[in-house]
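Peer 1: Structure incoming, see below.
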Amino acid sequence: MMMRRLVAGVLALVVSGTVAVVLSQSEPATAERRGPTARTPIVIGHRGASAHRPEHTLLSYEAAIAMGADYIEPDLVATKDHVLVARHENEISGTTDVAVRPEFADRRATKTIDGRPVTGWFTEDFTLAELKTLRAKERVPDLRPDNAAFDGLAEIPTFEEVVLLAQRHGVGVYPETKHPTYFDSIGLSLEEPLLDVLGRHRVRKAFIQSFETANLRELSRRTRLPLIQLITATGAPYDWVAAGDPRTYDHMVTPDGLREVASYADGVGVDTRRVIPVGPDGRLLAPTTLVRDAHRNRLDVHVWTIRNENSQLPADHRLGNPASPVFPRATGDVMGWLARLVDLGIDGAFCDDPAMGRAVVTRRSA
């Protein structure tokens, strides 16, 4: 598959006449490749260590590294001056103090993002210098009240800052392109600055992920870094999949769908319910054949998201008294839940608490 992708990419670039420009942005031929033959699952710090620090901050990424993450995950959106920054969404009122900053009150807007109206403040309406004056805050303070102690302490990091942090500590980066079709439509394409940062810093330890398919197909012709097709738990055709692609996520997890994914990607990043479904009562059902089917197509399987709180776990792995007011945010049997998935052969897990993930992977690999 790697050779087919490389040859197809070279032919496409020769025809377009852009070989020199694109190759200067692509990763060197020695870029690291993983496959499902690697036996030890990787631990991915989901938005850093978001169980312990406000997500997508250097504080969160530093904590994830200290907890043993193999990779740290920045979700990427663009600024007005076309710099990539780490935010879960381009609408930032839930993760920064922008809503209480009077100098930016007139930036509030309603936009259509992937077919849905969204109201708030958007990164693409701010220069990087303006965004750097904002301060991050905890996105879900009701679930993680302790994280609110860090509100106001951290800036919005650029993707380059995240890459440099990862390289200083010898861990990988696992960027996600957020709403790439939308950003293309406003002239702020994500792929070029992404490849530019990775290429300039000669990043070899990385995965690139997206819920969309069109930009992954484009990237497969422009980089040898491994690509991950993200897949939700539902089969509805989301707009980010449907950007020129009629398939549903339900189709993508079939044997035929996985073979098609393998023509442009190196793995799938799936909701845990694609590996072990959950019944109406919140309890786990029998595992699916997804891991086996993906491995037959030489695709990695990375699952998301392993969270600590009872309210975020299957009913089988909740601990404590359900009548207690703190039960929803109390830590459940997160290690038992992840161990169950590891035993099914997954190749990696996105963890809000990378220390939990590291403990499980170390124990299972001993």
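Peer 1: Mind listing just one residue for me: the one in region 273-323 that is outside any loop (DSSP other than H, G, I, E, B) and among the hydroxyl-bearing types (S, T, Y) and, of those, nearest to G257 (Cα to Cα)?
Peer 2: T305
Peer 1: Further question: Among the residues of region 182-198, what is the count of those that are part of a helix (DSSP H, G or I), crowded, with 17+ Cβ neighbours inside 10 Å and in contact (Cβ under 8 Å) with a residue 40 or more places away in the chain?
Peer 2: Looking only at that region, the number is 7.
Peer 1: Can you name the condition, by its number, that R47 falls short on among (1) more than 30 Å from R292 (Cβ to Cβ); (2) in a loop (DSSP other than H, G, I, E, B); (3) within 16 Å of the chain's Cα centre (by Cα)?
Peer 2: (1)
Peer 1: Shifting gears a bit: Of the residues that make up region 112-125, is at least one at pLDDT 95 or above, of a type outside the set (S, T, Y), assigned to a strand (DSSP E or B) and crowded, with 18+ Cβ neighbours inside 10 Å?
Peer 2: Yes; the residues of region 112-125 include at least one that is at pLDDT 95 or above, of a type outside the set (S, T, Y), assigned to a strand (DSSP E or B) and crowded, with 18+ Cβ neighbours inside 10 Å.
Peer 1: Which of the residues belonging to region 217-229 are surrounded by fewer than 23 Cβ atoms within 10 Å (Cβ to Cβ) and more than 22 Å from R202 (Cβ to Cβ)?
Peer 2: R217
Peer 1: Between a residue in region 344-364 that is modelled with pLDDT under 95 and any residue that is in a helix (DSSP H, G or I), which pairs come within a Cβ distance under 6 Å, given they are 6 or more apart or on different chains?
Peer 2: So the pair list comes out as R364/V342.
Peer 1: Something else now. State which residue is surrounded by the fewest Cβ atoms within 10 Å (Cβ to Cβ) when the search covers only region 324-340 and only residues that are free of Cβ contacts under 8 Å to residues at least 24 places away in the same chain and assigned to a helix (DSSP H, G or I).
Peer 2: Looking at residues that are free of Cβ contacts under 8 Å to residues at least 24 places away in the same chain and assigned to a helix (DSSP H, G or I), I get G336.
Conditions (1) within 19 Å of D125 (Cβ to Cβ); (2) in contact with a Pro (Cβ under 7 Å, 6 or more places away or on another chain), marked per residue:
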{"site": "A148", "(1), (2)": "no, yes"}
{"site": "L165", "(1), (2)": "no, no"}
{"site": "H179", "(1), (2)": "yes, no"}
{"site": "I186", "(1), (2)": "yes, no"}
{"site": "V197", "(1), (2)": "no, no"}
{"site": "F207", "(1), (2)": "no, yes"}
{"site": "N215", "(1), (2)": "no, yes"}
{"site": "E218", "(1), (2)": "no, no"}
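Peer 1: Looking for whichever is touching a strand residue (DSSP E or B) at 6+ places or on another chain (Cβ under 8 Å), polar (S, T, N, Q) and either part of a helix (DSSP H, G or I) or surrounded by 15 or more Cβ atoms within 10 Å (Cβ to Cβ) (or both) here; the options are Q209, Q167. Which one fits?
Peer 2: After applying the criteria, what remains is Q209.
Peer 1: Would you say D106 is surrounded by 14 or more Cβ atoms within 10 Å (Cβ to Cβ) and acidic (D, E)?
Peer 2: Against the criterion (surrounded by 14 or more Cβ atoms within 10 Å (Cβ to Cβ) and acidic (D, E)), D106 does not qualify.
Peer 1: Taking into account only those residues within region 294-312 that are touching a Phe, Trp or Tyr at 6+ places or on another chain (Cβ under 6 Å) and within 24 Å of Y174 (Cα to Cα), which is surrounded by the most Cβ atoms within 10 Å (Cβ to Cβ)?
Peer 2: Filtering region 294-312 for residues that are touching a Phe, Trp or Tyr at 6+ places or on another chain (Cβ under 6 Å) and within 24 Å of Y174 (Cα to Cα), the one surrounded by the most Cβ atoms within 10 Å (Cβ to Cβ) comes out as W304.
Peer 1: Mind checking which residues of region 242-258 are within 22 Å of the chain's Cα centre (by Cα) and not in a loop (DSSP other than H, G, I, E, B)?
Peer 2: Across region 242-258, the qualifying residues are Y249, D250, H251, M252, G257, L258.
Peer 1: Restricting to region 269-291, give me the number of residues that are under 22 Å from the mean Cα position of the chain (by Cα) and of a type in the set (A, V, I, L, M, F, W, C).
Peer 2: Number satisfying all stated conditions: 5.
Peer 1: Quick check on region 63-98: of everything there that is over 14 Å from E138 (Cβ atoms) and in a helix (DSSP H, G or I), which residue is nearest to the chain's Cα centre (by Cα)?
Peer 2: This residue is A64.
Peer 1: Let me ask something else about it. Can you confirm whether L219 is under 30 Å from A63 (Cβ atoms), in contact with a helix residue (DSSP H, G or I) (Cβ under 7 Å, 6 or more places away or on another chain), free of Cβ contacts under 8 Å to residues at least 60 places away in the same chain and in a helix (DSSP H, G or I)?
Peer 2: Yes, satisfied.
Peer 1: Since S60 meets every condition but one in (1) over 14 Å from the mean Cα position of the chain (by Cα); (2) in a loop (DSSP other than H, G, I, E, B), which condition does it not meet?
Peer 2: Here S60 clears every test but (2).
Peer 1: Continuing with the same structure: Scan A129, A149, A109 and give me the residue that is of a type in the set (A, V, I, L, M) and in contact with a strand residue (DSSP E or B) (Cβ under 7 Å, 6 or more places away or on another chain).
Peer 2: A109
Peer 1: Can you tell me which residues in region 142-160 are under 23 Å from the mean Cα position of the chain (by Cα), of a type in the set (D, E, K, R) and either at pLDDT below 95 or not in a loop (DSSP other than H, G, I, E, B) (or both)?
Peer 2: The answer is E160, and nothing else.
Peer 1: Could you pull out the residue among G279, G269 that is crowded, with 23+ Cβ neighbours inside 10 Å, small (G, A, S) and out of contact with any helix residue (DSSP H, G or I) (no Cβ under 8 Å at 6 or more places or on another chain)?
Peer 2: Only one candidate passes the filter, namely G269.
Peer 1: Continuing with this model, one more query. Cβ-Cβ distance below 6 Å, separation of 6 or more or different chains: which pairs start in region 247-261 with a residue that is surrounded by fewer than 20 Cβ atoms within 10 Å (Cβ to Cβ) and end on one that is acidic (D, E) and at pLDDT 95 or above?
Peer 2: Every condition considered, the pairs that remain are P255/D293.
The values are calculated or read from the model by the stated rules, or taken from the named source; none is laboratory data. Keep in mind that this is a model prediction, so the values were computed, not measured. Methodologically, a virtual Cβ is constructed for each residue, glycine included, from the backbone with ideal geometry; neighbour enumeration extends over all protein chains shown.
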